[in-house]
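A.B. asks: Can you read through this structure? Questions will come right after.
The values are calculated or read from the model by the stated rules, or taken from the named source; none is laboratory data. Because the structure is predicted, anything quoted here is derived from the model rather than measured. Here the Cβ is made from the backbone with ideal geometry for all residues, glycine too, and neighbour counts use every protein chain on show. Only protein heavy atoms, including side chains, enter the accessible area calculation; ligands, DNA and RNA are left aside. Shrake-Rupley method; radii C 1.70, N 1.55, O 1.52, S 1.80 Å.
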Amino acid sequence: MTIFSKIVAGEIPCYKIAESDDFLAFLDINPLAIGHTLVIPKKEVDYIFDIDDELYTGLMLFAKQVAAAVEKAIPCQRIGVAVIGLEVPHAHVHLIPLKHVSDINFSRPKLQLAAEDLQATAEKIRTEFV
Ligand code: AMP
């Protein structure tokens, strides 16, 4: 069971942004930028391009909806999208509020944010989710 499946099962907490029957969005706990959000299928599949077409399309449409909320809540130029997957073997889409191109450089040290800051950010984004 991946750490993200444990989040889906409610065994590990997350800073939840949005949820549907098939997908979940929550804050990355070691973000590259404030508002860095992960969108996952609840079904555990390691590699994003192994996901069947219907679920893949649904994931991207859900990510689009989440990105709109992140963009409204967090001052930025636009939302960057990335799929890496070298750390957690459960497909996930990174949504990263960008001010500079360097905000989406995964080789950079991650931000260390306090729990209350992550909580406040999640609340702000949740409010904008429609
Ligand atoms: P990657 O698999 O290379 O796309 O990286 C996995 C991402 O998941 C990293 O950005 C981590 O900070 C993030 N991450 C790992 N564990 C958790 C967790 N429990 N809650 C939220 N984000 C996590």
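A.B. asks: Just for the Cα atoms in segment 3-128, what are the lengths along the principal axes, largest first, rounded to whole Å?
C.D. replies: 34, 28, 25
A.B. asks: Also, I was wondering about something else. Relative contact order of the chain, please, whole-number percent, based on alpha carbon pairs below 8 angstrom and at least 6 residues apart.
C.D. replies: Contact order relative to length: 32 percent.
A.B. asks: Follow-up. Cut-off 10 angstrom, C-alpha nodes, Gaussian network model of the chain. Which of Phe62, Phe49, Phe26 fluctuates the most?
C.D. replies: Phe49
A.B. asks: Would you calculate, for the chain, the mean residue ellipticity at 222 nm contributed by helices, counting each DSSP H stretch of 4 or more residues as -39,500 (n - 2.57) and dividing by all residues, to the nearest 500? Walk me through the numbers before you get to the answer.
C.D. replies: Values: 3 runs with 41 residues, N = 130.
Roughly -10000 deg cm²/dmol at 222 nm, from the helical runs in the chain.
A.B. asks: Return the carbon/sulfur percentage of the accessible area of the chain, one whole number, probe 1.4 Å, all protein chains in place. Write down the numbers at each step before the final one.
C.D. replies: Values: 3930 of 7330 Å².
Roughly 54 percent of what the probe reaches on the chain is carbon or sulfur.
A.B. asks: Same structure again: With every protein chain present, what is the per residue accessible area of the chain (1.4 Å probe, Å²)? Please report the intermediate quantities before stating the final value.
C.D. replies: On the way: 7330 Å² over 130 residues.
About 56 Å² of surface per residue is accessible.
A.B. asks: Another one. Where does helix 115-128 land angle-wise versus the long Cα axis of the chain, in degrees 0 to 90, nearest 10?
C.D. replies: With both axes taken from Cα atoms, the answer is about 80 degrees.
A.B. asks: Given the Cα-Cα distance of Ile29 and Ala114 and 0.36 nm per residue of separation, how much length would full extension add, in nm?
C.D. replies: Working: separation 85, 0.36 × 85 = 30.60 nm, distance 0.96 nm.
Computed gain between Ile29 and Ala114 is 29.6 nm.
A.B. asks: Same structure, new question: Given Ile40, Ala73, Ser5, which one lies farthest toward the positive end of the charge dipole of the chain, if we put +1 on the Cβ of every Lys and Arg and -1 on the Cβ of every Asp and Glu?
C.D. replies: Going by the charge dipole, the pick is Ala73.
A.B. asks: Right, another one. How far is helix 53-73 tilted, in degrees, relative to the longest principal axis of the Cα atoms in the chain, given as a value from 0 to 90 rounded to the nearest 10?
C.D. replies: So the helix axis and the longest Cα principal axis differ by about 20 degrees.
A.B. asks: Given the C-alpha centroids of segment 54-115 and segment 1-32, what is the distance between them in whole angstrom?
C.D. replies: That distance is 13 Å.
A.B. asks: While we're looking at this one, here's another question. Choose one answer from Ile51, Ile40, Ile74: the residue with the largest mean-square fluctuation in a GNM of the chain with alpha-carbon springs under 10 Å.
C.D. replies: Per the Cα network of the chain with a 10 Å cutoff, Ile51 tops the list.
A.B. asks: Here's another thing I want to ask about it. Using +1 on the beta carbon of Lys and Arg, -1 on that of Asp and Glu, and nothing else charged, what's the dipole of the chain about the Cα centre, debye to 20? Walk me through the numbers on the way to the answer.
C.D. replies: Details: 12 positive and 18 negative charges, 109 e Å.
With only Lys, Arg, Asp and Glu charged at Cβ, the dipole is about 520 debye.
A.B. asks: Grab segment 3-128 and count how many Lys pairs have their alpha-carbon atoms under 25 Å apart, sequence gap of 8 or more, or different chains.
C.D. replies: Summing the qualifying lysine pairs gives 26.
A.B. asks: Now for a separate question. Treating only the Cβ atoms of Lys and Arg (+1) and Asp and Glu (-1) as charged, compute the dipole magnitude of segment 26-68 about its Cα centre; round to the nearest 20 debye.
C.D. replies: Values: 3 positive and 7 negative charges, 57 e Å.
That gives a dipole near 280 debye.
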